[in-house]
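Trainee: One structure follows; several queries about it will come next.
The values are calculated or read from the model by the stated rules, or taken from the named source; none is laboratory data. It should be emphasised that the depicted structure is a prediction, and the values quoted were computed from it without experimental measurement. Every residue, glycine as well, gets a Cβ built from its backbone with ideal geometry; the counts of neighbours run over all protein chains shown. Each accessible area value is taken on the protein alone, full model and side chains, heavy atoms only, with ligands, DNA and RNA left out. Shrake-Rupley method; radii C 1.70, N 1.55, O 1.52, S 1.80 Å.
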Amino acid sequence: MSNALIAEQVLNGLQSGVVLFLMAAGLTLVFGVMGLINLAHGSLFMVGAFAAAATAAATGSFLLGLVAALAAAAAAGALMEVVILRRLYQRDHLDQVLATFALILVFSEGVRWTFGSFPLFLDVPEALSGTLVLPGGIAYSRYRLTLIAIGLLVALGLYLLVAHTRLGVRVRAGEDDREMIAALGVNIDRLYTAVFAIGAALAGLAGALVGAIQSVQVGMGEPVLILAFVVIVIGGIGSIRGAFIGALLVGLTDTLGRLFLPELFALFMDGPAAASAGSALASMSIYLLMVAVLVVRPSGLFGSRT
Amino acid sequence: MTRERALNALLLLGVPLFALWAVVVEQPFMITLATKVAILALAGTGLNLALGHGGLVSLGHAAFFGIGGYAMGILASHAQSYTPLLDGALTIPGTTFMPIIWLVAMLASGLAALAIGALSLRTSGVYFIMITLAFGQMFYYFAISWPAYGGEDGLSIYVRNRFPGMNTLDPIQFFAIAWTWLVVVLLFSASLARSPFGLALNAARQSPLRARTVGIRVYRLQLTVFVLSGMITGLAGALYADLNRFVSPSMLSWQTSGEIMVFVILGGVARWCGPLAGALLFILLEQVLGPISEFWHVFLGIILLLIVLFAPGGVLGLVAGRERVRV
Amino acid sequence: MNPRTATWAAALAMAVTASAVSSATAEPLKVGMITTLSGGGAGLGIDVRDGFLLAIEQSGNTDIEVVIEDDQRKPEIAVQLADKMIQSEKVDVLTGIIFSNLAMAVVPSATAQGTFYLSPNAGPSALAGRGCHADYFNVAWQNDALHEAAGAHASAEGFANSFILAPNYPAGKDALTGYQRLFEGQITDEVYTQLGQTDYAAELARIRASDADSVFFFLPGGMGISFLKQYADSGIELPLIGPAFSFDQGILQAVGKAALGVRNTSQWNKDLDNPTNAAFVSSFEAAYGRLPSLYASQGFDTANLLLSAMAAADVSDRDAFRSALKAADFSSTRGDFAFGSNQHPVQDIYVREVVQEGEVFTNTTLGVALSEHGDVYAADCSL
């Protein structure tokens, strides 16, 4: 196993981590500020991807597709929040689970109704296709490098938003004590809708970015949703920093696990069996990581003890 | 007679009567539907013990459902092919004898629940939800990659397992078995809720801190109810695999966990017959809406949303209002 | 009238009356189609259904009734639908299942209950070998066939070192086994990905680091789309080969340029030169506004097989109907069609290449990879 291979896999882990961060950031914000479990976050990912694919096909511009993804996901999120989720903040987590589970059904089949059952086409723009030779001689996909860059920029942007803007102050205060900020005159309704829309937009962006190198199809958001939940639990709910670290941890564990575990098994098993067993353990590795973290720190790495 | 009691009676009498009617009009598929309702209600009742009475929101209960199913599948498939499970110092043959299969299913899922619960109950709130989900996923991925028992293809069992004195292939007789189990478990859960254990659990659910200060060992209570809950759901899994004559990793998926939870919430959490009402409603919706449109999931989702928004206590909550039957 | 004439007359009268009575009381043949019409795999089920119904409509046969249900790609639902169709609807023939795991759940118990099953897609090895049944017919292929053809073609092209990958589930393992059965070179790496995996960066890095001269992959549906896009973007120049499942008409539009030039194996392509196929392709396009995929051709052939059996025998005479099915006396989109001893097709498997025709991405046939190819499991079948 060459150093170049390991280095490339580390980059891959970073890239997948960064995409997970886009999903997890929205999810953790929503849970931290509003206390809402949103199973339909994956549907927003899907909406973003479909909006981007449809817009890019109609206009020929990937950039417009991205803008459409942000707008569509934010709009869908805002609609979800105003019409349904707003009534559930005071309710049990169970009711939120049921409602957002129902929303998954509505969105998935709704998207299929609108766009048909076959996957849509979305491609990497010409300017970003192909590879770039990095120091050390590794040829890495230009598009994936762009993804890493975008993810880091968003992370920086979110940090600035939360730490240095008025909205961020309200968000942080809202996480601490919802009633207090309402009493202090902040318009809770608008704050919540804004937070939800931001989270949704991030999910939609993730969907569009990822859709270019994966398949834009119904149900594409569910696997990412589960991973995003794992990330926010590892990182600590409500903590953007936790979501960032957690996402990178999960991305790296997943990618490096898929590389090293079959090799590990190959030490004492023969070819196909080792590959199979290694792959099986690799698929469980993220969950094992989560359990390990929770056993040691039951509120996640950066979560507050509630 | 309170409204909830009336509705409970309606459910408990209505479903078997419906099954008997289906025998009369020779619609065996209807009996199969009723059996499906009974088994899913059983799974939901198991979950409800932990969820409703214990306040433990487990999103990984499909793990127990699937373990029960696979216990049945593994035992029966070895019996079918006349190969023993273990052939060494100790020879363990397969079996198609239902009572043994049920026992093994409950033991296996109980042990799994003990392990999962012991680790998960160190967390609380949404962390608990997530860690149970994680365990469910681990079992799911394991089952997919386990080639010996079909992996993703699953295991087909060509004959239904045996119960002494009955022809289990006859739909109404199998329904009777499933329904009997449901009633037994319902009675058990009722007596559990009334017992000192149940009362202490209730107190722990409402305020763990307060319960601890009066000396209640919350962790121990929660673990016990989690194990019991897992065992019952495991039993339901074995019955479900028997009904379909098929077990596959999809029984372990988080979507299945979600569906079981949906039945419980739909019917009314911590209501005695809540899971039964929820399972019945869900199956009815599936059968009624399915033929209407290819995209019937949209309508199902909308109906579920309306129920969540305007019937917060589930169907039984809607009917019974604030009053609760002392069960 | 002398006694002999009377006897003949009576016999004739009886025969005429009997045939009149039987045709008057002959009920329409009921077909239950359980297929995937919702969720991610719906494209395949929709194609099979559309192909099937097109054939029925074109035949003008009114003695056939088709009941269609959606299995949502869930085995339990497929089992329940099968029970409902067999017990309540009392169907004579079942068909439609796309995915092998659902087929494994449904077929054994359906045939055990005395219902004919015609598979328009899934061809698991268990049902081709030891689990074969006199009432089970597969009109598409045995699962390994297209992979074996890929292996044969790779060897024919002179490739000596293949990197192979597939998802970690039974069909994936069968795919890699099938490829290796007829591939004569070395395998540099045998990699199992996760079912539903969308990011192949790790695997691509390994391909780059290996010294393979070719890559074989089996990644159906969305997995294949993701892999092809990422492969095209990775800068790796190795030739790709796979079975048609990642290169069918529905998927190609979603992949676009990334698939150009990739070789894939299939038992059918729209440019196969026979009159039935030409008519099928143009009528499908006219009826549904899109080009047919191999799944559509399979549905079409299944319906025509059924119709040919109906013309030869009545379904109530099970033995005659079974023989009529086995005779497979119909015009297939693949030209001549014949079953092997285990009632799976013995057919030519072609190599195709992905090309662009105007705005549309599609396949063009390059040649035959395997000729008159059956499957290895027939030897285990007791039929």
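Trainee: Take the residues in the range C:47-76 that are assigned to a helix (DSSP H, G or I) and at the interface with chain B (Cβ under 9 Å from one of its Cβ atoms); name whichever of them is surrounded by the fewest Cβ atoms within 10 Å (Cβ to Cβ). I'd like the intermediate steps shown before the answer.
Mentor: To start, the set of residues in the range C:47-76 that are assigned to a helix (DSSP H, G or I) comprises C:47-59, C:75-76.
After this cut, where a residue has to be at the interface with chain B (Cβ under 9 Å from one of its Cβ atoms) as well, the list is C:75-76.
Values: C:P75: 27, C:E76: 24.
My answer is C:E76.
Trainee: Within the range B:111-127, take every residue that is within 9 Å of chain A (Cβ to nearest Cβ) and within 23 Å of the chain's Cα centre (by Cα) and give me the one that is surrounded by the most Cβ atoms within 10 Å (Cβ to Cβ). Walk me through how you get there before you give the answer.
Mentor: At the first step, the residues of the range B:111-127 found to be within 9 Å of chain A (Cβ to nearest Cβ) are B:119-120, B:122-127.
Next, only the ones that are within 23 Å of the chain's Cα centre (by Cα) stay: B:119-120, B:124-127.
Values: B:L119: 17, B:S120: 29, B:S124: 17, B:G125: 14, B:V126: 21, B:Y127: 23.
Only one residue tops the list, namely B:S120.
Trainee: Now for a separate question. Here is a list: B:L239, B:L285. Which entry is of a type outside the set (F, W, Y), assigned to a helix (DSSP H, G or I), within 24 Å of B:L49 (Cα to Cα) and in contact with a Leu (Cβ under 9 Å, 6 or more places away or on another chain)? Reasoning before the result, please.
Mentor: On the way: B:L285 fails: within 24 Å of B:L49 (Cα to Cα).
Just one listed residue meets the conditions, B:L239.
Trainee: Among (1) within 20 Å of C:N161 (Cα to Cα); (2) more than 14 Å from chain A (Cβ to nearest Cβ); (3) in contact with a helix residue (DSSP H, G or I) (Cβ under 8 Å, 6 or more places away or on another chain); (4) among the small types (G, A, S), there is one condition C:S283 misses while meeting the rest; what is its number?
Mentor: In the conditions (1) within 20 Å of C:N161 (Cα to Cα); (2) more than 14 Å from chain A (Cβ to nearest Cβ); (3) in contact with a helix residue (DSSP H, G or I) (Cβ under 8 Å, 6 or more places away or on another chain); (4) among the small types (G, A, S), C:S283 misses (1) alone.
Trainee: In the range B:151-179, what residues are polar (S, T, N, Q) and out of contact with any helix residue (DSSP H, G or I) (no Cβ under 9 Å at 6 or more places or on another chain)?
Mentor: Narrowing the range B:151-179 to residues polar (S, T, N, Q): B:156, B:161, B:167-168, B:173.
B:Q173 - this is the single residue of the range B:151-179 that is polar (S, T, N, Q) and out of contact with any helix residue (DSSP H, G or I) (no Cβ under 9 Å at 6 or more places or on another chain).
Trainee: Looking at the range B:141-160, can you tell me whether even one residue there is open to solvent by 50 Å² or more (accessible area, probe 1.4 Å), away from every other protein chain (no Cβ under 12 Å) and either under 30 Å from B:L33 (Cα atoms) or basic (K, R) (or both)?
Mentor: No, the conditions are met nowhere in the range B:141-160.
Trainee: Can you tell me which condition C:G299 does not meet? The list is (1) modelled with pLDDT under 95; (2) of a type outside the set (D, E, K, R); (3) in the same structural domain as C:F116 (by TED's automatic domain parsing); (4) crowded, with 23+ Cβ neighbours inside 10 Å, and all the others hold.
Mentor: Checking C:G299 against (1) modelled with pLDDT under 95; (2) of a type outside the set (D, E, K, R); (3) in the same structural domain as C:F116 (by TED's automatic domain parsing); (4) crowded, with 23+ Cβ neighbours inside 10 Å, the one that fails is (1).
Trainee: Restricting attention to strands (runs of 3 or more DSSP E) lying wholly within the range C:123-197, give those where 2 or more residues are open to solvent by 30 Å² or more (accessible area, probe 1.4 Å). Show your work before the answer.
Mentor: Details: elements: C:136-138, C:161-167, C:186-193.
Output list reads C:186-193.
Trainee: On to the next question. For A:I37, indicate whether it is within 13 Å of another protein chain (Cβ to nearest Cβ) and outside any helix (DSSP H, G or I). Can you show your working first?
Mentor: Details: within 13 Å of another protein chain (Cβ to nearest Cβ): yes; outside any helix (DSSP H, G or I): yes.
Taking the combined requirement at face value, the residue satisfies it.
Trainee: Moving on. Within the range C:247-271, can you find the residues that are out of contact with any strand residue (DSSP E or B) (no Cβ under 7 Å at 6 or more places or on another chain) and more than 14 Å from C:A296 (Cα to Cα)?
Mentor: C:V255, C:K257, C:A258
Trainee: Here are B:A50, B:A76: which of them is within 14 Å of chain A (Cβ to nearest Cβ), of a type in the set (G, A, S), over 17 Å from B:L252 (Cβ atoms) and open to solvent by less than 10 Å² (accessible area, probe 1.4 Å)? If you could, list the steps in order and put the result at the bottom.
Mentor: Working: B:A76 fails: within 14 Å of chain A (Cβ to nearest Cβ).
Only one candidate passes the filter, namely B:A50.
Trainee: Which condition from (1) buried (at least 23 other Cβ atoms within 10 Å of the Cβ); (2) more than 12 Å from every other protein chain (Cβ to nearest Cβ) is the one that A:D254 breaks?
Mentor: Answer for A:D254: the failing condition is (2).
Trainee: So which of A:L267, A:L288, A:L249 is within 14 Å of chain B (Cβ to nearest Cβ), open to solvent by 40 Å² or more (accessible area, probe 1.4 Å) and not hydroxyl-bearing (S, T, Y)? Before you say what the answer is, go through the steps one by one.
Mentor: Working: A:L267 fails: within 14 Å of chain B (Cβ to nearest Cβ); A:L249 fails: within 14 Å of chain B (Cβ to nearest Cβ).
Within the list A:L267, A:L288, A:L249, the selection yields A:L288.
Trainee: Out of the range C:302-322, which residues are outside any loop (DSSP other than H, G, I, E, B) and buried (at least 17 other Cβ atoms within 10 Å of the Cβ)?
Mentor: Step one: filter the range C:302-322 for residues outside any loop (DSSP other than H, G, I, E, B), giving C:302-312, C:318-322.
Once the filter is applied, which keeps residues that are outside any loop (DSSP other than H, G, I, E, B) and buried (at least 17 other Cβ atoms within 10 Å of the Cβ), the range C:302-322 yields C:T302, C:A303, C:N304, C:L305, C:L306, C:L307, C:S308, C:A309, C:M310, C:F321, C:R322.
Trainee: Can you pull out every residue in the range C:224-277 that is surrounded by fewer than 21 Cβ atoms within 10 Å (Cβ to Cβ), part of a helix (DSSP H, G or I) and at pLDDT 90 or above?
Mentor: Within the range C:224-277, C:P275, C:T276 meet the criteria.
Matching residues to (1) closer than 28 Å to B:A118 by Cα; (2) touching a Phe, Trp or Tyr at 6+ places or on another chain (Cβ under 6 Å); (3) not in a helix (DSSP H, G or I):
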{"residue": "A:G242", "(1), (2), (3)": "yes, yes, no"}
{"residue": "A:D254", "(1), (2), (3)": "yes, no, no"}
{"residue": "A:L259", "(1), (2), (3)": "no, no, no"}
{"residue": "A:V291", "(1), (2), (3)": "yes, no, no"}
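Trainee: Something else: For the structure I just gave you, tell me whether C:V107 is within 11 Å of chain B (Cβ to nearest Cβ), touching a residue at least 12 places away in the same chain (Cβ under 8 Å) and either surrounded by fewer than 24 Cβ atoms within 10 Å (Cβ to Cβ) or within 19 Å of the chain's Cα centre (by Cα) (or both). Spell out the reasoning first.
Mentor: Values: within 11 Å of chain B (Cβ to nearest Cβ): yes; touching a residue at least 12 places away in the same chain (Cβ under 8 Å): yes; either surrounded by fewer than 24 Cβ atoms within 10 Å (Cβ to Cβ) or within 19 Å of the chain's Cα centre (by Cα) (or both): yes.
Answer is yes for this residue.
Trainee: Here's a follow-up. How about the range B:177-202: which of its residues are without any contact (Cβ under 8 Å) to a residue 40 or more places away in the chain and open to solvent by less than 40 Å² (accessible area, probe 1.4 Å)? Even if it seems obvious, please write down each step before you answer.
Mentor: At the first step, the residues of the range B:177-202 found to be without any contact (Cβ under 8 Å) to a residue 40 or more places away in the chain are B:180, B:184, B:187-188, B:191, B:195-197, B:199-200.
Listed by number, the residues that qualify are B:S195, B:A200.
Trainee: So which helices (runs of 4 or more DSSP H) are wholly in the range A:115-219 and hold at least 1 residues that are of a type in the set (S, T, Y)?
Mentor: Details: elements: A:142-164, A:166-176, A:178-183, A:188-211.
Here the list reads A:142-164, A:188-211.
Trainee: Of all residues in the range B:16-30, which are open to solvent by 10 Å² or more (accessible area, probe 1.4 Å) and touching a residue at least 24 places away in the same chain (Cβ under 8 Å)?
Mentor: Residues satisfying the conditions are B:P16, B:L20, B:V23, B:P28.
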